[in-house]
1. DSSP loop GluC sites (Glu not before Pro) in segment 15-96 with at most 15 other Cβ atoms within 10 Å of their Cβ, which ones?
2. What share of all Cα pairs of segment 43-90, in percent, falls into each consecutive 10 Å distance bin?
3. Put a dot 7 Å past each Cα toward the Cβ at Gln78 and Asn64; how far apart are the dots in nm?
4. Rank these by accessible area, largest first, 1.4 Å probe: Phe56, Phe35.
5. List the residues whose amide H sits under 5 Å from the amide H of Leu40, counting only those 5 or more places along or on another chain, with H placed 1.01 Å from N in the peptide plane.
6. What number in nm² do you get for segment 26-70 if you take the convex hull of its Cα atoms and divide its surface by four?
7. Restricting to Cα pairs below 8 Å that are 6+ residues apart, what does the relative contact order work out to for segment 13-65? Please round to a whole percent.
Amino acid sequence: AIPNPSFFGYSSSAYLLLRVDYGKLESICEQLARFENVHLVVKLLNGYDLIVGVHFETPEILYNFIRERVARIEGINQTETLVRAEVRKRLASILR
């Protein structure tokens with residue numbers, strides 16, 4: 001089962017796409033994983049280096065997290081935020 005974050009009061013879910021200094025990638029992953037509202041940290045092989053999944057109670061709290069926490073991590077060069085609008089399908093696994 002995959003819980004619905006809205007059921008737990010998290011009405012603002014997003015994915016952060018990050019470009020980082022490669023030499024600081026491991027440190028950045030560790031720092032991000034320590035944040036309570038971060039539920040996903042994945043290294044990527046495309047133009048971005050990381051994708052980070054987050055859940056927050058409001059868009060304002062999400063905004064402040066990005067501005068006050070993420071932006072201050074040394075080695076993060078660029079962020080792009082993908083904010084969830086509506087979930088149309090959610091699967092725990094493609095295996096049946």
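1. Passing sites in segment 15-96 are Glu36, Glu57, Glu74, Glu86.
2. In whole percents, the pair-distance histogram is 19, 50, 28, 3.
3. 2.9 nm
4. From most accessible down to least: Phe35, Phe56.
5. The list, which skips near neighbours in sequence, is Gly53.
6. Mean projected area for segment 26-70: 3.4 nm², to one decimal.
7. Relative contact order for segment 13-65 comes out at 42 percent.
The values are calculated or read from the model by the stated rules, or taken from the named source; none is laboratory data. Given the structure is predicted, the values throughout are model-derived calculations rather than measurements. Ideal geometry is used to build each Cβ from the backbone, glycine not excepted, and the neighbour counts take in all protein chains shown. Areas reflect the complete protein model, heavy atoms only, side chains present, ligands, DNA and RNA absent. Shrake-Rupley method; radii C 1.70, N 1.55, O 1.52, S 1.80 Å.
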